[in-house]
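Only one structure is covered here, and it is reproduced in the block below.
Taken together, the values in this text are just the output of simple stated rules run on the coordinates, not laboratory data. Because the structure is predicted, anything quoted here is derived from the model rather than measured. Positions of Cβ are backbone-derived with ideal geometry, glycine not excepted, and every protein chain shown enters the neighbour counts.
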Amino acid sequence: MTVVAGSVQRRPVIGVIGSGATRHEPLARPLGTWIAQQGFHLLTGGGGGVMAAVGEAFVAVPGRQGLAVGVLPAAPDGPLSGAPPGYPNRWVEMAIRTHLPLSGIEGSTPMSRNHINVLSADMLVALPGGPGTASEIQLAARYGRPCVAFLTDRSQWPQLPKSVPVAMTLNDLATVVLERVSGFAE
């Protein structure tokens, strides 16, 4: 689905956030495939775990039109050192390198790339994660960005704010995302 804004066609950007260590394949793989099949762009933090699993599934879809974008942190000793080891993962097609090294429990500070991830996505989909994912959800609330959690059970993430809706099936998630992006043409 592309959205026509004036005379320019714009593809929605779906940001997927979640664990940088655990892939959560039963959620991430079907999600990545679905995002690609819709013709959307995929935006992640460009690292391992959920970011790699969703990216791998996304780029495996034949004939897809969207790009796999990764917003990368800087290495702890600064942007001249490049990104930390493991960034970008091999499925990132467009790497956005930043000077921002902080993440995890420091993910909502001004020196974190999480602000860019949240503000650049038209819709955020949160998979199970840790403090970094929690900070992105907090930033989404702060900036008024739409966010939905994709979980097999709400108990997977007990600290998830009640204001974040939960989709437990891909069909439910698709309904929420498509409702959000259908408003682009208005």
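One table, with the values for the structure above:
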{"quantity": "Residue order, fewest to most surrounding Cβ atoms within 10 angstrom, among Ser135, Ser108", "calculated": "Ser108, Ser135"}
{"quantity": "Förster radius 30 Å - calculated FRET efficiency between Glu25 and Leu119 (Cβ-Cβ, nearest 0.05)", "calculated": "0.60"}
{"quantity": "Sparsely packed trypsin sites (Lys or Arg not before Pro) within region 1-97, loop by DSSP, other Cβ within 10 Å at most 16", "calculated": "Arg90"}
{"quantity": "Lys, Arg +1 and Asp, Glu -1 on Cβ, resulting dipole of region 106-154 about Cα centre, debye, nearest 20", "calculated": "80"}
{"quantity": "Additional length obtainable on full extension of the chain from Gln9 to Thr109, 0.36 nm per residue less Cα span", "calculated": "32.6 nm"}
{"quantity": "Compactness index (Cα Rg / 2.2 N^0.38 Å), the chain", "calculated": "0.95"}
{"quantity": "If the convex hull is drawn through the Cα atoms of region 11-111, its volume per residue in Å³", "calculated": "93"}
{"quantity": "Dipole in debye (nearest 20) - the chain, about Cα centre, beta carbon charges: Lys, Arg +1; Asp, Glu -1", "calculated": "120"}
{"quantity": "Listed residue (Met111, Pro73, Pro12) projecting farthest to the positive dipole end of region 1-136, Cβ model", "calculated": "Pro12"}
{"quantity": "Relative contact order of the chain, defined on C-alpha pairs under 8 angstrom at six or more residues apart (%)", "calculated": "20"}
{"quantity": "Sorted by Cβ neighbour density within 10 Å, fewest at the top, the residues Phe58, Phe150", "calculated": "Phe150, Phe58"}
